[in-house]
Each structure stands twice: as structure tokens, then as C-alpha cells.
1. Amide H of B:Asn137 versus every other amide H placed in the peptide plane: which residues, excluding those fewer than 5 positions away on the same chain, fall under 5 Å?
2. Collect residues whose amide H, placed 1.01 Å from N in the peptide plane, falls under 5 Å from the amide H of B:Gln177; neighbours closer than 5 in sequence don't count.
3. Roughly how many percent of the accessible protein surface of segment A:1-97 is carbon and sulfur, given a 1.4 Å probe and a whole-percent answer?
4. Quick one: grab the alpha carbon gyration tensor of segment A:1-120, order the square roots of its eigenvalues as a ≥ b ≥ c, and give me rounded if a/c is under 1.5, else prolate or oblate depending on whether a/b is larger than b/c.
5. Which whole number of Å³ per residue matches the convex hull of the alpha-carbon atoms in the protein assembly as shown?
6. Translational diffusion coefficient of chain A at 25 °C, 0.890 mPa s, Stokes-Einstein with Kirkwood Rh over Cα pairs, in µm²/s as a whole number.
7. Counting Lys +1, Arg +1, Asp -1, Glu -1, what net charge surrounds A:Ile159 among other residues with beta carbon under 9 Å of its beta carbon?
8. Around B:Phe171, which amide H atoms from residues at least 5 apart in sequence, or from another chain, sit under 5 Å from its own amide H, with H modelled in the peptide plane?
Amino acid sequence: MAGKVLTITSGKGGVGKSTTSANLALGLALSGKKVVAIDLDIGLRNLDMILGLENRIVYDVVNIVEKTCKLNQALIKDKRTENLFLIAAAQTRDKSAVTSEQIKELAEELKKDYDYIILDSPAGIEGGFKNAMEPADEVIIVTTPEISAVRDADRVIGILEANSKTETNLIINRIDPTLVKRGDMMSKDDVLQVLSIPLIGIIPEDKNIVSYTNIGEPSILHKDSKSGMAYKNIIQRLLGKNVEFMEITEDKKGFFQNLVSLFKE
Amino acid sequence: MHMMENVTIKGKNFLGFEIEINADDLEEIKKGLDIVIASSVHLIKNSIVTLRFTEDNKQFANDILNYLKGKNIDINAVVVDDKNNLQSSVPVIELKNIHLLSDSHKQQPATYKGNLRNGQEIRVNGDLIIAGNVNPNSYVYATGNIFVLGKLYGIPHAGYGGNNDSMIFAFDLNPPQIRIGNLITRSPEEGVSVKQNNNMVFEVAYAENNSIVISSYDEWLKLKN
């Protein structure tokens, strides 16, 4: 098997890298691909929580590269699918505990047995980001429609291009149609005009993300979730299918929906 | 005829003021500085200030930096023609190199294809053509003219090294600052808008009477031909 290393990065923090990593990893696994997600935000780990695997961590990525455990011991199996494994970040160390060479080596090793190795990059453009960038075959850049996030994404794309990482795709996260309509938020087109790389997904603002994170269930598991739907479309596109972009519209309840919710109460 | 002052202050560097030291005697220089400080202390303390020395008085650089430090005035950089034999506790700008850049002015334009992204910069001798967008927080320096066949949202410096006859062209000219030769201007303080600019007009920036003028390309064509 010749797997693919898919790095999720953004430059700016808090735009949804880990949420995206969790959803894509789980989504690809649920579509039958063998997936390992590696949290490279060493010292500030989150991915384990978002995937709801926090209490299963015994060994982490630093243990692997320092060879204080076997690779298999650090692979945490997901509780929903046989196809997904997580390698957690060490929490008591920092980004300098691993080198990009070590991560590259680890990724090469995993490529033999897995279809996708998803690297969840830390924010910033320093060592931790480089550890996630250098092994990448493909990079997904996550941004929100805010000028600061878009600027940072642009910086990151520049660095990727300078390092011959040209397989890049963009996810615009947390689009709020009401704000875009009022002209208070950059639209999809505004963002694309600045960044000019291919778009692979638009995720609508979803207030439930917070509670999904709290319970460790990514939105892709929730059938009625709009963001989950958008992530499912991204999975299809990653798998080479041509899926139309979802029209993101304002949440207006129709007459019948109002009626239904009345009965529910 | 106007007598050369011992020390003069000029609003000539890109972001603030330059104090020119003309006298060759340390005591004269200090006297001159006292006069300048007395009249312009507010300007000096709130700007980026450089000290310009000649080959004949650069040996006093450190004495003068210390003298100013004693008066609570910090200098950002020292400007000299040649930094040989110069002792300075602050960064040194050597004009020799910048002149070298502008001497090699008459040559083929350089071209760059692709987008210049946040944090990237290009420096060229002569004219520069960019086929792509120049994104915010990127920098473009050319000793000659700059032509951007795309959006110019980064910071351009045409005529780098002092050629005020240079011009800047862009399909969409909207940088936060424009620098031409030794002039600088910044964009008006409007709130940052996320709305799209739909009525795009090709624009040109050039220098006239020591200030930077922006006009539409059509107007510029009429003016210059």
C-alpha cells in the first residue's frame, strides 16, 4: 500500500485545524480507508479530545521517535471504526522534542500500512509547522473568512510554495451567510481572490461544534449537522469524486418546520 | 548664498527624519545638535531618526550617539557612504551599495510570474514586471519602474536608491504605502473594508514636485504624451 500524507495547517490558531483533522480522519476511515491521524501540536494537544480518545493515551508521538515504545503501542484505535488510529501529541514536552526528519521517517513507515496519514499541524510558521509540512504529499489550508486568518494563510501558502509543496487545497471554515449578506464578512470569492489556490470545501458556521468537541464526537457523526455535511462533501472530493459545492444559506425555518418543532416540544 | 548649517534636520528618510551632520569638529556638531533638538524635540522623539555622517566626520559617530543618548534621544540608524573605519552602536546604512544598485539601471526588465505572498519580497535592479498578484504584507523593490499585472496590495518601492522619476503601474493599485525614490506616501485612513472593489481602474503612481501622485492610467497617458 502506498499511503498519502495529508497535512492540515493554517498559520493562524483557532481557525479549526484540529476539528478539520478529526472530521477528515474519521470521514475517510468511515468510507473504508485506513487512516492514522497524528497530532503534532506537541505541548498543546487537542485532537485526542475532539476524537473522544483522550482517556486511551498511553504512549505518544515523542515516545515513538525516542523509541521508548513500539509504533503499534502508540497507535490508539478509534472506538467507532476499525480503520482509524490516532497518534497523540506529548503534553509534557514542546515542539522541539521531534524533528521533521523523524516525522518524515514515521510517515514513510506508516505509508506501508495506511491509505492516509493525517498530520494535524500546530499554529504558526516555526518548527512545529515545519515538522508537519515537510513530510506532506498534500496540504490542506484551513482559514476563516477574516482578514487576519486569510493573511496568515497567504503567508503559509508562500512558505509551502517555496518548499515545492504545490499540492495545496483550501477549506474556508465558519462562513456565516447572514454576515456575508450584510457585507460584514468576506465571501468565499473574496477569500479565493487573495489566496488563489483550489477550494476543496466551505464549512458553514456551526454553533454545535463546541458541544461536539465536549463529547468527543466530530460533526461528521451527526446526521443533521450542516458542518458535518460539508465535511462529508470534502471527503468525497478527496476520494476523487466531483461533488458540487453546497449553497450556504441562512437558517430560516419554514412553516412546516416550525410546526414540527412545535409538536416536538 | 545660504550657509551650510553645522547640523540640519530633513524629512527625507522613508519613515521619519534624518539629521545631517555637516561640521567636522565635535564641539561644533554638539552645538548644532543642541539647536536642532531645541527646535524639533517633539518630531525627533516620535519618529524614526537616522544620523547622516560624511566621510570627514564619521569618526565622531559613537561620541555623538552617546551624547544624544545622554539627552534621552535614541537614533535608529547611522547613514554613511562607506562603513569602513566606522564605529557605531546602532545599525549602519551604507549608501555605497544602494548607489551601486541604481547605477546598473539600464537593463532588461526582470519578470516574476506568480503571486507574491505575505512575507515574501523581491529586489531587482532596473524595471520589474510581475505577472500575478502582490498580496498584503509583501514587498517589492526595484531601482527602476514596477509594473504589476494584477493586484498590488503589498508595498512597492520603485526607484529604490533615490530615482524619483520611477513609476508604479498596477491593474488594481491599492497598497498601504507607496514608495518612489526617496518619497513615501500612505493610503488614506479608511476603515479596512471586506467589500469587493468592483470598479477597478488601472492606476499609475509617480512623483511630481516631491510628492507622490496617483492617477488613472488613462489620465496619465494624456498627461505624459
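1. Under 5 Å from the amide H of B:Asn137 lie the amide H atoms of B:Ile155, each far enough along the sequence or on another chain.
2. Distant-sequence amide H within range of B:Gln177: B:Ser187.
3. Details: 1790 of 3860 Å².
C and S fraction of accessible area: 46 percent.
4. Details: a/c = 1.28, a/b = 1.10, b/c = 1.17.
Because its axes are fairly even, with a/c under 1.5, segment A:1-120 counts as rounded.
5. Numbers: hull volume 111.1 nm³, N = 490.
Per-residue hull volume (Cα only) is 227 Å³.
6. On the way: Rh = 18.8 Å.
Here the translational diffusion coefficient equals 130 µm²/s.
7. Values: positive: A:Lys130, A:Arg155, A:Lys165, B:Arg117; negative: A:Glu161.
Neighbour charge sum, excluding A:Ile159 itself: +3.
8. The answer is B:Val148, B:Gly150.
The values are calculated or read from the model by the stated rules, or taken from the named source; none is laboratory data. Because the structure is predicted, anything quoted here is derived from the model rather than measured. Every residue, glycine as well, gets a Cβ built from its backbone with ideal geometry; the counts of neighbours run over all protein chains shown. Remember, those area values only see protein heavy atoms, side chains included, never the ligands or the DNA or RNA. Shrake-Rupley method; radii C 1.70, N 1.55, O 1.52, S 1.80 Å.
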